[in-house]
Amino acid sequence: MKKWKINECNNAVVSDLARKCDLSPLTLKVLNARGYNNIDDVAALFEDSGLDDPYLITDMDKAVKAIEQAVDNYDLICIYGDYDCDGVTATTILYSYLQNIGANVMFRIPERSEGYGLNIPAVEQLAEQGVSLIVTVDNGISAVTEAEKIYELGMKLVVTDHHQPGEVLPRAEAVVDPHRRDCTSKYKDLCGAGVALKLCIALNDNDADMMLEQFADVCAIGTVADVVPLTGENRSIVKTGLRYLKNTENYGLDMLMDRSSVNRESLNSTSIAFQISPRINASGRFGSPAIAVNALLAEDEEDAAAYVDQMISLNDQRRTIENEILRSILHYIDKNPAVAARRVLILAGNGWHHGVIGIVAAKLLDLFGKPTILLSIDKDGIARGSARSIKGFNIFECLTYASEVLDHFGGHECAGGLTIASDKIPKFTKLVYEFAARFDIMPTLTVECDLKLEPADITVENVKGLAALEPFGADNPKPLFAVTDARVERISGMTQGKHTRLELDYNGVKLTAPLFGQPPSSLSIRQGDRLELAVNLDINEYNGKQSVNLRIADMRPYGVNQDRYFNALDCYERFIIGEELPQAFLKKIDPSREEMISVYKLIALYKDFGIDELYMHVCSASMNYCKLRIILDAFVQTGLAELSLSTHRVRLLPVTQKVDMDSADVLKKLRTKIQN
């Protein structure tokens, strides 16, 4: 179960805004709940003033001068990118522009095995190839040592990047990065592709319209994929890019959308995030990022098809390996449940593919609601790790705390990477646990709903009106609504039982909600149950009739007291990992025989049960979540039940002989602590 935060709107302010604009009532409620309190704020959101003068970015004039000089001299220019989607699209944009104006240009993107950014062997190879000028895109701001090597070898460097600079900037003809402290540009949140686009505009006599027509589709993909805020210039880029993307003239993109089953009529930022960019990223994760660049640079359909086929195949491979690693980790946690009781999940495996452990870590974070660090141990005894975290638990600070045992590390509040010798993993684990122990209460993964959805809000017109807020992305997410006390009227299978369709009654309003990838048999929901849902709203069209459809982002039993639930969960996990708890509390969580029998009989009614749903059936003044989990652990330890933390379900096992509940290790541990 996740913690929910439901924001509210001021109906008086919403009514005032409704008199001054033609946005739908539900759209105005969302905007007000997000802090838009007057018509000027609303107008500023929708204002599309295009892109600012690229020359406002410090050193842009120097970058243009250096590149134009190299073009005029027909010097060999190398565009040096990064292997993720932002780096691929940034490389594509700048390479295409320079090639179109007749420059002597090549590109290089390091393979994932080389690591991020410039490296000395690559610099030396470029010098041997006769490169005169290296222009970085989506990297370079921290390449201080590599920059010195570039000049030592007689080459020049132009850096274009969007990452945070360090105290020392690299030696270069120009360092173009909106995050430079001395940068005079107003807008700071461009991705690498956005900075590359603005460089092309500057090179093209500030003709933004022409550059947007050529590259907005590619730049929009990099912008959405890099999860930069979709505000200001980024919002303009993505809106323009989506318009061009529907009928793109880029052979590779056109074919990639067809092979990815993208619906061009409903093309939006979600299509980019879940259908297009993963296939571009797969090239850098499992093959070579050059495959994706070549697909986007293809000059005919035959060329494009060859590269796009590879991208699709690599993405299929990525999904297979990702699922295999995830399944193995979940199986391990089910067999070793104490691992999941820790404040930070730390798991290591031999030969896990480096290209997917970050994705798997993010899925584990979502499933268990805890910061997660995955370490892949190579044959040479070196482990590479990816970390994902939640706001409030700064994973970069955590890695800094453990830096004495790390070879390399980096990141920010919610994501990080590290390299460590495998024999130091136990010490690293201990240091991470020490860092986490400094929190009195660990930050909790939270589902933030824009507002509670009232039955009267649920109209086709209101839902259609939400499209005015697009494109959705970072800092402008798709509206998420809380539906409270929805009664389940019918549960049915879809597509031969692979998916589930819920029919709900919400205070007299009939609603439907699909649950994809979850067959009815996997759910603890039953007809008549009352639920709380966090949902996005879509329009469903069938036989010419339109209706509102719910897309469930999270679901929990109705009426949960989440503060009581999470406090008890925290106490249970403290008990499992051996932390001290007050004697008075320990006595309260010692279950009686009658309580254990009551829980057993309830599970027996259904043979298996969702743990949270079971809790809602048994919770009372004397039965909190901590006591329930201790009872379930006792059932597991005495062979009465099987519990899966990966599915969060418990099921009874056949009983062949009398069971002594007092023999359960968890009860002996608890009662020993009480006696002491």
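The values are calculated or read from the model by the stated rules, or taken from the named source; none is laboratory data. Bear in mind the structure is a predicted one, so any value in this text is a computation, not a measurement. When we count neighbours, we look across all protein chains shown, and the Cβ atoms used for this are built from the backbone with ideal geometry, even at glycine.
Please indicate, with yes or no, whether at least one residue in the range 631-654 is assigned to a helix (DSSP H, G or I), of a type in the set (A, V, I, L, M, F, W, C), modelled with pLDDT of 95 or more and touching a Phe, Trp or Tyr at 6+ places or on another chain (Cβ under 8 Å).
Within the range 631-654, one or more residues are assigned to a helix (DSSP H, G or I), of a type in the set (A, V, I, L, M, F, W, C), modelled with pLDDT of 95 or more and touching a Phe, Trp or Tyr at 6+ places or on another chain (Cβ under 8 Å).
Of the conditions (1) surrounded by 21 or more Cβ atoms within 10 Å (Cβ to Cβ); (2) out of contact with any Cys (no Cβ under 9 Å at 6 or more places or on another chain); (3) over 16 Å from Thr92 (Cβ atoms), Ala216 clears all except one; give me its number.
If we test Ala216 against (1) surrounded by 21 or more Cβ atoms within 10 Å (Cβ to Cβ); (2) out of contact with any Cys (no Cβ under 9 Å at 6 or more places or on another chain); (3) over 16 Å from Thr92 (Cβ atoms), just (3) comes out false.
Looking only at the range 367-385, which residues are under 16 Å from Glu413 (Cα atoms) and either of a type in the set (Lys, Arg) or surrounded by fewer than 24 Cβ atoms within 10 Å (Cβ to Cβ) (or both)?
Within the range 367-385, Gly369, Lys370 qualify.
Does Arg343 qualify as being surrounded by fewer than 16 Cβ atoms within 10 Å (Cβ to Cβ) and over 21 Å from Cys85 (Cα atoms)?
Judged against the criteria, Arg343 is not a match.
Taking only pairs six or more apart or across chains, which ones have beta-carbon atoms under 9 Å, a first residue in the range 1-21 that is farther than 12 Å from Cys449 by Cβ, and a second residue that is among the acidic types (Asp, Glu)?
So the pair list comes out as Met1/Asp554; Met1/Asp612.
Can you tell me which residue is surrounded by the most Cβ atoms within 10 Å (Cβ to Cβ) among those in the range 587-605 that are among the acidic types (Asp, Glu) and closer than 14 Å to Cys626 by Cβ?
Glu595
Suppose the filter is in contact (Cβ under 8 Å) with a residue 60 or more places away in the chain and within 21 Å of Leu367 (Cα to Cα); does Ala468 pass it?
no
Looking at Val666, Val636, Val655, which one is closer than 19 Å to Lys607 by Cα and either surrounded by 16 or more Cβ atoms within 10 Å (Cβ to Cβ) or in contact with a strand residue (DSSP E or B) (Cβ under 6 Å, 6 or more places away or on another chain) (or both)?
From the options Val666, Val636, Val655, the qualifying one is Val636.
For the range 241-265, give me each residue that is closer than 21 Å to Asp48 by Cβ, more than 22 Å from the chain's Cα centre (by Cα) and surrounded by fewer than 22 Cβ atoms within 10 Å (Cβ to Cβ).
Across the range 241-265, the qualifying residues are Arg243, Tyr244, Lys246, Asn247, Thr248.
Are any of the residues in the range 403-419 at pLDDT 95 or above, over 26 Å from Asn32 (Cβ atoms), assigned by TED's automatic domain parsing to the domain that holds His354 and buried (at least 20 other Cβ atoms within 10 Å of the Cβ)?
No, the conditions are met nowhere in the range 403-419.
Here's the yes/no breakdown for (1) of a type in the set (A, V, I, L, M, F, W, C); (2) over 24 Å from the mean Cα position of the chain (by Cα):
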| residue | (1), (2) |
| --- | --- |
| Leu345 | yes, no |
| Gly349 | no, no |
| Val360 | yes, no |
| Arg388 | no, no |
| Tyr401 | no, yes |
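Looking at Val666, is it closer than 16 Å to Leu569 by Cβ and either of a type outside the set (A, V, I, L, M, F, W, C) or assigned to a helix (DSSP H, G or I) (or both)?
Yes.
For the range 636-664: of the residues being without any contact (Cβ under 8 Å) to a residue 24 or more places away in the chain and β-branched (Val, Ile, Thr), which is nearest to Arg593 (Cα to Cα)?
Val659
Based on what the data block shows, is Gly50 touching a residue at least 60 places away in the same chain (Cβ under 8 Å) and at positive phi?
The answer is yes for Gly50.
Out of Leu26, Leu94, I need the residue that is under 30 Å from Asn462 (Cα atoms), buried (at least 22 other Cβ atoms within 10 Å of the Cβ), in contact (Cβ under 8 Å) with a residue 40 or more places away in the chain and out of contact with any His (no Cβ under 9 Å at 6 or more places or on another chain). Which one?
Leu26
From Asp189, Asp138, Asp161, Asp205, grab the single residue that is farther than 13 Å from Tyr80 by Cα and crowded, with 17+ Cβ neighbours inside 10 Å.
After applying the criteria, what remains is Asp189.
Of Gly166, Gly117, Gly140, Gly102, which residue is assigned by TED's automatic domain parsing to the domain that holds Leu203, touching a Leu at 6+ places or on another chain (Cβ under 9 Å), of a type in the set (Gly, Ala, Ser) and in a loop (DSSP other than H, G, I, E, B)?
Gly140
I'm told Ala193 meets every condition in (1) at pLDDT below 95; (2) within 28 Å of the chain's Cα centre (by Cα) except one. Can you identify the failing condition by its number?
Going through (1) at pLDDT below 95; (2) within 28 Å of the chain's Cα centre (by Cα) one by one, Ala193 breaks only (1).
If you take just the helices (runs of 4 or more DSSP H) that sit entirely in the range 229-293, which of them hold at least 1 residues that are over 12 Å from Met311 (Cα atoms) and either among the aromatic types (Phe, Trp, Tyr) or assigned by TED's automatic domain parsing to the domain that holds Lys188 (or both)?
Hits in the range 229-293: 232-245, 251-259.
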